[in-house]
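Report on the following structure.
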Amino acid sequence: MLKKDRYHVAVMGATGAVGQEMVSILEERKFPIERLSLFASERSAGTTIPFNGSDIIVGKLTPDVFSGIDIVLGATGADLSREMTPHAVSAGCVVIDNSSAYRMDPTVPLVVPEVNGEAIALHRGIIANPNCSTAQLVVALKPLHDAARLQRVVVTTFQSVSGTGKEAMDELVDQTRALLSFKEVACRVYKEQIAFNCIVNWEADPITGFTEEETKIIGETRKILGVLDLPVTATTIRVPVLRAHGESVNIECEKKLTANEARAVLSTAPGVVVFDDPGRGIYPTPLMAAGRDEVYIGRIREDSSVANGLHLWVVADNLRKGAALNAIQIAEHLIGSVGHGE
Ligand SMILES: NC(=O)c1ccc[n+]([C@@H]2O[C@H](COP(=O)([O-])OP(=O)(O)OC[C@H]3O[C@@H](n4cnc5c(N)ncnc54)[C@H](OP(=O)(O)O)[C@@H]3O)[C@@H](O)[C@H]2O)c1
């Protein structure tokens, strides 16, 4: 991609939970934009989204919209990304895709800039963003891996409904309102009621029982950390929280790290805030992480049930570090300007 002062940027899926967050982060971080083009389905074509003091009209996404665009931020589902991304690449755009379409393609870099930003330079037109749960996990794991060599990772997620998109956020609010008014609950996005419940809403492999989300976390974590045989296992749970995912993470390392040593390592790591004071009841929650850029880590404890074990509680906003912010940080590295916050 040619170096320019300002870029023509497009968001595919601009009206969704991730797409809308991308538009506001581009404005917040003063990304050097010459022109912003916004695309979504026919349903939203003609609606407007505010950006830098003007209203941008959303266009219908079709294969012929990409001419003249430098960077495409992808925020649609994987099938649509598979259909549209090749057209964007043929038109000369670099696509930073949030869907799962290209993440495990060996020719596509899968990037979290704090962890493997150097992989951006290897792109051939597509750069993939990881799954939201993976993004915050690797930000926490990388500094510990560098300090003590990970031997095994066990993660259990507590994932907010915004991870499923804007309709799931509406469903949680609608169900909660209905239940508190003693009315019937409608399930449109999830098969089971999410309000006042915890569910497993992903397809599971009939043989292994692992969900798609668990499989993604395992494969993507290994790819981003560059340790393809790292023993990683995951359990994913959807909880009735609107925004920000929590993760209980248990690790075993080659070298012993005390809880205080782990706090010291993490407190200087990029993108991390250690928020951990057990004596004063201080630990991160999804509510405090919502709308923020950093990955918050607390409940750091030595796990004496294994050699060199540690427990962590890792919380981050899935729409920001888990998706839109990470994509825009990749774009900032791509154009060689590192935005504020880094
Ligand atoms: N949510 C997260 O935390 C998160 C994190 C990481 C990655 N991701 C991934 O990011 C992608 C977007 O997720 P999301 O949560 O933002 O989903 P979402 O809220 O459901 O938004 C989907 C977007 O795709 C558009 N779209 C749907 N069908 C279309 C069509 N036929 N033509 C053009 N546009 C179409 C929608 O437009 P309309 O409004 O017009 O329907 C909307 O803008 C997904 O691949 C998801 O897996 C999400």
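Numbers at a glance
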read-out	value
Residue in segment 280-292 that is among the hydroxyl-bearing types (Ser, Thr, Tyr) and touching a strand residue (DSSP E or B) at 6+ places or on another chain (Cβ under 7 Å) present	yes
Filter result (of a type outside the set (D, E, K, R) and either farther than 17 Å from Thr85 by Cβ or not in a loop (DSSP other than H, G, I, E, B) (or both)) within segment 1-17	Leu2, Tyr7, His8, Val9, Ala10, Val11, Met12, Thr15, Ala17
Residue ID - farthest from Val18 (Cα to Cα), chosen from residues in segment 168-196 that are part of a helix (DSSP H, G or I) and open to solvent by less than 50 Å² (accessible area, probe 1.4 Å)	Ala178
2 or more residues more than 30 Å from Gln20 (Cβ to Cβ): qualifying strands (runs of 3 or more DSSP E) within segment 258-342	295-303, 309-316
The one condition in (1) more than 16 Å from the ligand (Cβ to nearest atom); (2) touching a residue at least 12 places away in the same chain (Cβ under 8 Å) that Ser160 fails to fulfil	(1)
In segment 24-43, the residues that are within 13 Å of the ligand (Cβ to nearest atom), under 22 Å from Arg320 (Cα atoms) and part of a loop (DSSP other than H, G, I, E, B)	none
Selection from segment 1-23 of residues that are of a type outside the set (A, V, I, L, M, F, W, C) and within 16 Å of the ligand (Cβ to nearest atom)	Gly13, Thr15, Gly16, Gly19, Gln20, Glu21
Given (1) loosely packed, with under 14 Cβ neighbours inside 10 Å; (2) away from the ligand (no atom under 16 Å from the Cβ), index of the condition Gly46 fails	(2)
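The values are calculated or read from the model by the stated rules, or taken from the named source; none is laboratory data. Given the structure is predicted, the values throughout are model-derived calculations rather than measurements. Note: ideal-geometry Cβ built from the backbone for every residue, glycine included; neighbour counts use all protein chains shown. Calculation scope for accessible area: heavy atoms of the full protein, side chains included, ligands and nucleic acids excluded. Shrake-Rupley method; radii C 1.70, N 1.55, O 1.52, S 1.80 Å.
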